[in-house]
Amino acid sequence: MASKRFRGKRCVYCGRTGASDTGDHVIARGFFPPSDRADLPQIPACSACNNAKSQLEQHLLTILPFGARHSAASRTLNELVPGRLSRNARLHRELLDAWNRQWQGEYAPRWTPEMKLPLDSTKVTRLCEYMMIGLAWHHWQAELTPPAELRASFYHPSAVAALERLFLNPQWGAQLDENIGAGTLTYRAVQDPHAPARTFWRFTIYGMVMGDVPGLPGVRADVIYGISNSPRA
């Protein structure tokens with residue numbers, strides 16, 4: 001049963017007043033082994049937004065651990081994934097097929113220790129957009145719901161240096177630099193003190209290479225950048 005402190009409040013994700021009926025963990029508890037799930041941020045959410053976000057999480061939390069490179073990678077894979085695969089036969093078959101095709105050399109030479117996962121990178125960026133909204137409210141009480149505009153995306157590696165320089169702009173006010181679960185999820189964010197909905201973010205999940213750059217197949221990225229802003233006049 002949801003805590004009473006989250007009921008009847010404004011849903012942080014969609015902005016509907018009085019619509020919340022549950023507390024959503026902005027960073028899903030399923031990213032972490034059970035012993036590492038304490039004190040994760042929660043926010044008020046309505047059932048519709050909570051369910052939409054949960055569907056993304058359930059899919060990604062089964063696939064992403066296979067590419068994990070953080071310090072708890074083997075523990076994450078061994079403790080969390082077997083039970084999830086047992087409940088999702090279709091995804092289990094897709095992963096086995098990906099492994100078999102990689103072994104046959106379709107994705108990479110046999111000596112290359114890499115498996116191409118059946119991962120839709122747009123689901124990763126959409127989940128990061130949810131986290132941008134939730135974390136901005138949790139840390140700063142900033143509202144990134146509509147009509148605010150936001151987007152998270154992978155970028156070509158050649159753009160990373162320029163994107164990182166944006167964090168150094170002295171005009172930013174509030175700043176975050178978080179590492180949760182020994183690299184399970186990291187995020188860095190800055191906020192414009194004069195326009196609370198104007199924020200800039202960087203996410204990594206499990207330290208892994210997660211997706212192709214949109215429009216550039218074969219160009220890989222391991223960091224997601226996000227930006228939000230007030231609606232255009």
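The values are calculated or read from the model by the stated rules, or taken from the named source; none is laboratory data. Note that the coordinates shown come from a computational prediction; the quantities given were computed from them, not determined experimentally. Here the Cβ is made from the backbone with ideal geometry for all residues, glycine too, and neighbour counts use every protein chain on show.
Some values worked out for this structure:
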quantity	calculated
Residues located in the range 130-162, provided they are among the hydroxyl-bearing types (Ser, Thr, Tyr) and part of a helix (DSSP H, G or I)	Tyr130, Ser158
Filtered residues of the range 160-186 (kept if touching a helix residue (DSSP H, G or I) at 6+ places or on another chain (Cβ under 7 Å) and closer than 15 Å to Trp137 by Cα)	Ala174, Leu176
Test: Phe154 is aromatic (Phe, Trp, Tyr), over 21 Å from Tyr13 (Cβ atoms) and either at pLDDT below 95 or crowded, with 18+ Cβ neighbours inside 10 Å (or both)	yes
Output for the range 173-211, where each listed residue is outside any strand (DSSP E or B), under 21 Å from Ala221 (Cβ atoms), of a type in the set (A, V, I, L, M) and touching a Ser or Thr at 6+ places or on another chain (Cβ under 7 Å)	Met210
Test result for Gln175, surrounded by fewer than 18 Cβ atoms within 10 Å (Cβ to Cβ) and of a type in the set (S, T, N, Q)	yes
Residue match in the range 120-128 (condition: farther than 26 Å from Ala189 by Cβ, modelled with pLDDT of 85 or more and not hydrophobic (A, V, I, L, M, F, W, C))	no
Evaluation of Leu127 against (1) farther than 22 Å from Leu64 by Cα; (2) outside any loop (DSSP other than H, G, I, E, B); (3) out of contact with any strand residue (DSSP E or B) (no Cβ under 6 Å at 6 or more places or on another chain) (one fails), failing number	(1)
Residues satisfying the stated conditions in the range 22-39, i.e. assigned to a loop (DSSP other than H, G, I, E, B) and in contact with a helix residue (DSSP H, G or I) (Cβ under 6 Å, 6 or more places away or on another chain)	Val26, Ala28, Pro33, Arg37
Long-range neighbours under 6 Å by Cβ, at least six apart or interchain, first residue touching a residue at least 24 places away in the same chain (Cβ under 8 Å) and among the aromatic types (Phe, Trp, Tyr) within the range 177-188, second outside any loop (DSSP other than H, G, I, E, B) and surrounded by fewer than 18 Cβ atoms within 10 Å (Cβ to Cβ)	Tyr187/Glu178
Residues (of a type in the set (Asp, Glu) and either in contact with a strand residue (DSSP E or B) (Cβ under 9 Å, 6 or more places away or on another chain) or touching a residue at least 24 places away in the same chain (Cβ under 8 Å) (or both)) located in the range 6-50	Asp21, Asp24, Asp36
Subset of the range 163-172 that is without any contact (Cβ under 8 Å) to a residue 12 or more places away in the chain and assigned to a loop (DSSP other than H, G, I, E, B) - its residue that is farthest from the chain's Cα centre (by Cα)	Pro170
Qualifying residues in the range 194-221 (those that are at pLDDT below 70 and within 14 Å of the chain's Cα centre (by Cα)) - the one surrounded by the most Cβ atoms within 10 Å (Cβ to Cβ)	Met210
Members of the range 41-50 found to be aliphatic (A, V, I, L, M) and surrounded by fewer than 17 Cβ atoms within 10 Å (Cβ to Cβ), listed by number	Ala48
